[in-house]
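What follows draws every value from the coordinates through simple rules; no lab data is involved. Remember, it's a predicted structure, so these values are computed and weren't measured experimentally. Glycine also receives a Cβ, built like all others from the backbone with ideal geometry; neighbour counts cover every protein chain displayed.
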Amino acid sequence: MNQTKPKSKMYQNNSVFNKLRLLSVFMLIFSITNIEVSAQLKIYVNTDLEGISGVFKFGQTREKDSPLNIQACEYFMGDLEAVINGLRDGGATEIVILDGHGNQAVVPHLMVSGATYITGTPRPGAGNLTDLDSSFSAMVMIGFHAMMGTPDGVLNHTQSSRSENRYWYNGIESGELVQAAVIAGYYGVPLVMVTGDVATCRETKQFFGENVVTVATKKGLSREAAELYPFEETRQALYEGAKRAISAIPKCKPYKLDFPVKAKKQYLKKIQGSSERELITKEKIIKHPLQILDI
């Protein structure tokens, strides 16, 4: 009877060596892949002015280059710096800032390194979200406000505070948070962080769930009154929140609506020759996420 000869120790050692070598190669490939993935951690920061620390009246947001507005824009840059630093320390490798406020808020000489800044009008892109695409890992929204009609929402409005626009999608009233999140969701980009007053943070959780990081910069008392928090405290909270937001990315899903969507818009229109305004209602079927504002 033929018997299989036992393998020599040298053969056994070579076999073990080959397995270890293969394991080392696999680990090297895995490591390189992880480095490539982490190198692409792009964050899109959508900004507004009404929800910034220290901002609580329309005189700060509407009258461009007035003393109140100049000061409010400086407050804006302070909040923005804290968020940029937090995102960087959290692991973000590329940050794009969108100056999303209607009459702009970025102050160029106060820009900090570690990000690029999109500003000026008109801007291309759905909802003016210029350069937003599927290459971004997440979207952050800082300085935002609650939707029109929120009793404790400081400077609450949706798109236009002057005509007091209100929007409904499939019967659910929604504000600018939802509108921007729908556009981001189309590109597969999740919303991971929102900052603004307490009402804005509450609205965020209502629509997007508990995993989205929120930072309250003040507490609203009425449309132009608020309980303000010291800048030192809000900037520290913004920094820490931005760091947490990077870790929240895997937990947050892109926000999507089922299209086509039945949309309704209401707004106030001036009556010619009168100080009165009439309420206008428009309805439309929206067929695509990038048309969310086209009503």
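Spin-label model, Q236/E210: points 7 Å from Cα along the beta carbon direction are separated by 2.6 nm.
In degrees from 0 to 90, rounded to the nearest 10, what is the angle of the helix 9-38 Cα long axis to the longest principal axis of the chain? Value to nearest ten degrees: 10.
Taking every DSSP beta bridge that has both residues in the chain, what percent is antiparallel when rounded to the nearest 5? Walk me through the intermediate numbers first.
Working: 21 of 43 bridges.
Of the beta bridges lying entirely in the chain, close to 50 percent run antiparallel.
For G175, no residue whose modelled amide H falls within less than 5 Å of its own remains once neighbours fewer than 5 places apart on the same chain are excluded. Scalar couplings 3J(HN,Hα) for segment 213-221, obtained by applying the Karplus form with A = 6.51, B = -1.76, C = 1.60 to θ = phi - 60°, are 6, 10, 10, 8, 9, 5, 10, x, 10 Hz; x denotes Gly and Pro. Restricting the calculation to Cα atoms, the chain yields a radius of gyration followed by a Dmax of 24.9, 114 Å. Checking the Cα-Cα distances for K42/K264; K218/K282; K219/K284; K64/K262; K253/K284 against a 31 Å cut-off, the pairs over it are K42/K264; K218/K282; K219/K284; K64/K262.
Between L155 and E224, A225, the built amide H atoms are under 5 Å apart, and every one of these is 5 or more places off in sequence or on another chain.
Residues whose amide H falls under 5 Å from that of M193, counting only those 5 or more places apart or on a different chain, are M141, V213, with hydrogens built in the peptide plane. Approximating the spin labels as points 7 Å out from Cα along Cα→Cβ, the R62-to-E227 distance works out to 2.7 nm. The angle between the Cα long axis of helix 67-90 and the main principal axis of the chain comes to about 10°, on a 0 to 90 degree scale. Relative to the longest principal axis of the Cα atoms of the chain, the long axis of helix 176-186 lies at roughly 40 degrees.
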